[in-house]
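Shown next, in structure tokens, is the structure this report addresses.
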Amino acid sequence: PLDASITSNTNNAIFGGTVGLRTELVHRWFTLGLQPAVTFAGNVSQVRVATDRFFDANEGRQEATSDYFDFSPILDLNAYARICLSENLRLTVGYDAFWLARVYRPARVIDYNVSTDGGTNLRTDFGTQRRADHVAVEGLSLGLEYIF
């Protein structure tokens, strides 16, 4: 049996400045808030694809790497409601949505082709491809605050 492998790794280093706004409606019994923000970020990415013994046991390890830079904006939205249950007890319900553009994921950067020389000799032709993706995360939170 042939023990073949293909692996892929990515490293996304994202940096930038954030601009946001917080607005609240404060009442004696509750507070409603909204906090949108945008980050103007750059993504310095390193992408690596490697194969080992892909077609036969004599085929050695092959590796390809690429470095990319992309503008990668980030959008973040936070909304919350804080309800005063008593003088010392508050209930908070929050929603957060986060969207990150132009990141590289290991499964999407593999550029792999198999070719022949006109006969049965197979040849591995692989590398990296510049194929960015996005990440979207959203969540709901619930908290209870006791003030003493």
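Values for this structure:
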| quantity | calculated |
| --- | --- |
| All positions within the stretch 63-90 that are of a type in the set (D, E, K, R) and exposed (fewer than 14 other Cβ atoms within 10 Å of the Cβ) | 63, 67, 87 |
| Complete set of residues in the stretch 5-57 that are of a type in the set (Gly, Ala, Ser) and surrounded by 14 or more Cβ atoms within 10 Å (Cβ to Cβ) | 8, 16, 33, 37, 41, 42, 45, 50 |
| Within the stretch 53-71, considering residues that are hydrophobic (A, V, I, L, M, F, W, C) and at pLDDT 80 or above, the one nearest to residue 131 (Cα to Cα) | 69 |
| Conditions (1) within 30 Å of residue 143 (Cβ to Cβ); (2) in contact with a strand residue (DSSP E or B) (Cβ under 7 Å, 6 or more places away or on another chain); (3) open to solvent by 70 Å² or more (accessible area, probe 1.4 Å): number failed by residue 93 | (3) |
| Residues (touching an Asp or Glu at 6+ places or on another chain (Cβ under 6 Å) and either within 18 Å of residue 71 (Cα to Cα) or modelled with pLDDT under 75 (or both)) located in the stretch 104-131 | 105, 113, 115, 129 |
| Qualifying residue in the stretch 99-111 (condition: under 30 Å from residue 142 (Cα atoms), over 29 Å from the mean Cα position of the chain (by Cα) and part of a strand (DSSP E or B)) | no |
| Where a residue in the stretch 57-80 is more than 15 Å from residue 11 (Cβ to Cβ) and its partner, wherever it lies, is of a type in the set (Val, Ile, Thr) and open to solvent by 70 Å² or more (accessible area, probe 1.4 Å), with Cβ under 9 Å and at least six apart | 74/18; 76/18 |
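The values are calculated or read from the model by the stated rules, or taken from the named source; none is laboratory data. As the structure is a computational prediction, the values presented were derived from the model and not from experiment. Quick reminder, even Gly has a Cβ in these numbers, built from the backbone with ideal geometry, and neighbours come from all protein chains shown. Note: accessible area is taken over every heavy atom of the protein model, side chains too, but ligands, DNA and RNA are not part of it. Shrake-Rupley method; radii C 1.70, N 1.55, O 1.52, S 1.80 Å.
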